[in-house]
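Just so it is clear, none of the values below were taken in a lab; they were calculated from the coordinates. Because the structure is a prediction, the values reported are computed rather than measured. Because the Cβ atoms are built from the backbone with ideal geometry, glycine has one as well, and the counts that use them run over all protein chains shown.
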């Protein structure tokens, strides 16, 4: 059994290390989601009757504005950038029905803060001569996800390579219409007044829709300590819009205003690929390096695509480390942005070109990096037998 444990931990690391919850790194509103990752996917080698409980924490600060793939550097120079601080803790539990099939339940706990000028007094020196910033926020539970994962090949017999498919449902347990106070100038004397309305879509706790997720993942061993991995995740949200008001329509509203009157319930995706290496079998230490792309498409796979959304994507390089001892495992990874793009939305396309003849393209803020920390503990059931890595040093690894 001592020879078999490193294999269990090694492949547990493959997905736990690199697939933390899918969460927007900025104003592109990708909801906290443990698909393609986190506690759900770290059930990669759950044996029959085995349980795993886990928690994944993620932090980022978004502040760099992009139109298409061009950064609006003047926003930082003029101190008019929007800043989002995101802290989320994803709690999950997984159960192995068999050596090939497992089910997972994930609940995100979220704390968002957002600082801006334009949502309050405004960005201009005329409207906001004191350059005052104000904050809004949202705190609470996010959208729950229940999912199943099935390995196409028997993991007890195919220990060097395997491929899994997953199917899940996302439930609208997170509040999609969080309200907060916004500061406005009084028309009479320019004094401060408060209005209460929905916070920006990027810091809403949920999207208000029932979603269906499809997950694909696979790995193949390289030598006695290495492996290559792939993860793919797509969340389809058939419902078009929720009831969160983005703008109040009036008699002079345009067709674009009508499109963005309410918040969109958008699809989202994550793709990862990379390599892992077991640095120290004796100490249960693994390292890896991969690439990750995540985002929101401009148009949904199923259903309509109107409503206010900021479509776009971010491509990151994702280094990480993981450590295990007995049934406990710990991981940390720091995806760093290589490429960011705010794509054109349905409303942008409907708006045509601007006064200079340039196709309209809204902006969105992105983070430079995020910090992800994961912990998991397994218990119960029977551990599967594996014999992929037969290096003698593995015999020294203890439970």
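The table below lists the values:
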{"quantity": "Scattering profile of the stretch 5-378 at q = 0.09, 0.10, 0.12 Å⁻¹ [log10 I(q)/I(0), Debye over alpha-carbon scatterers]", "calculated": "-0.52, -0.63, -0.87"}
{"quantity": "Difference of contour (0.36 nm per residue) and Cα-Cα distance, residue 124 to residue 165", "calculated": "9.7 nm"}
{"quantity": "FRET E, pair residue 192, residue 70, Förster distance 35 Å, beta-carbon r, rounded to 0.05", "calculated": "0.50"}
{"quantity": "Computed label-point distance, nm, for sites residue 349 and residue 228 using a 7 Å Cα→Cβ extension", "calculated": "3.5"}
{"quantity": "The stretch 300-358 and the stretch 151-191: distance between their alpha carbon centers, rounded to Å", "calculated": "12"}
{"quantity": "At 1.306 mPa s and 10 °C, Stokes D of the stretch 78-213 from Kirkwood alpha-carbon radius, µm² per second", "calculated": "87"}
{"quantity": "Stretch gain in nm, segment residue 93-residue 111, where the contour uses 0.36 nm per residue and the Cα spacing is subtracted", "calculated": "4.4 nm"}
{"quantity": "Fewest-first sequence of 300, 154, 363, 189 by Cβ atoms within 10 Å of each Cβ", "calculated": "189, 154, 363, 300"}
{"quantity": "Theoretical FRET efficiency, 1/(1+(r/R0)^6), r = Cβ-Cβ of residue 302 and residue 173, R0 35 Å, to 0.05", "calculated": "0.95"}
{"quantity": "Sorted by Cβ neighbour density within 10 Å, fewest at the top, the residues 292, 75", "calculated": "75, 292"}
{"quantity": "Length released on extending from residue 79 to residue 358, taking residue separation times 0.36 nm less the Cα-Cα span", "calculated": "97.9 nm"}
{"quantity": "Residue 146-residue 283 pseudo-label distance in nm [points 7 Å out on the Cα-to-Cβ vector]", "calculated": "4.3"}
{"quantity": "Paramagnetic label zone (point 7 Å from Cα along Cα-to-C-beta, residue 249; backbone N under 20 Å) in the stretch 200-222", "calculated": "201"}
